1. With a sphere of radius 14 Å drawn around the Cβ of ASN42, what net charge do the other residues whose Cβ falls strictly inside it have (Lys, Arg +1; Asp, Glu -1)?
2. Suppose every Lys and Arg Cβ carries +1 and every Asp and Glu Cβ carries -1, with no other charges. What dipole size does segment 24-145 come out with about its Cα centre, to the nearest 20 debye?
3. In debye, nearest 20, what is the charge dipole magnitude of segment 68-125 about its Cα centre with +1 on Lys and Arg Cβ and -1 on Asp and Glu Cβ, if you could check?
4. From the residues HIS137, LEU60, MET31, which one has its Cα farthest along the dipole of segment 24-145 in the positive direction, the dipole being from +1 and -1 charges on Cβ of Lys/Arg and Asp/Glu about the Cα centre?
5. Excluding LYS123 itself, calculate the net charge of residues whose Cβ lies under 14 Å from the Cβ of LYS123, where each Lys or Arg counts +1 and each Asp or Glu counts -1.
6. Please say if segment 72-148 is rounded, prolate or oblate, where rounded means a/c under 1.5 for a ≥ b ≥ c the square roots of the C-alpha gyration tensor eigenvalues, and otherwise the choice is prolate for a/b larger than b/c and oblate otherwise?
Amino acid sequence: MKKLTLLITMLMATIVWSAEKDQPGSADQAMQVLDSFMLTFNSRDMEEWSETLNYPHVRLAGGGVKVWANKKEFSSVDIFDRLVATGWHHSAWVSRNVVLESENKVHISTIFQRYDKNNNPLKNYQSLYILTNDNGHWGVQARSSLAP
């Protein structure tokens, strides 16, 4: 009887573990958000890009700190003219490494590359993205980079 109970317990634990593995974890969800973040950033659509963030949203870069209280405030300023003036056409992730993960927060160390219209690299930047699950919405809550 003890062997049967042990066998059933092990089988149930395996089933529960397998079911949990079918669900995307925090890091998987955070990586999906970063994919959307880059896709919408490259589309130059402030409204769509703002959907990949959680608010208040914080950016530490260029020697300063900027905080946006909500989507409307974030999407009201189009940053793309300034980027295009530098020769920028699009960006891409070079690396993304999870450095801290919990059920509702993930820190990801990244390097992203900026490219011109001919796909020539302009410059790459190290950064840290902090993604949070805010009432079921995964989004970038804060980012800190060495970009201007």
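Please treat every number below as a calculation from the coordinates, not as lab data. Treat the numbers as computed from the prediction; the structure is a model and nothing was measured. Ideal geometry is used to build each Cβ from the backbone, glycine not excepted, and the neighbour counts take in all protein chains shown.
1. Spelling it out: positives minus negatives among the neighbours equals -1.
2. Its charge dipole is roughly 460 debye.
3. Here the size comes out at about 100 debye.
4. After comparing all options, I get LEU60.
5. Details: positive: ARG114; negative: ASP116.
So the surrounding residues net to 0.
6. It is oblate, given that a/c is not under 1.5 and a/b is not larger than b/c.
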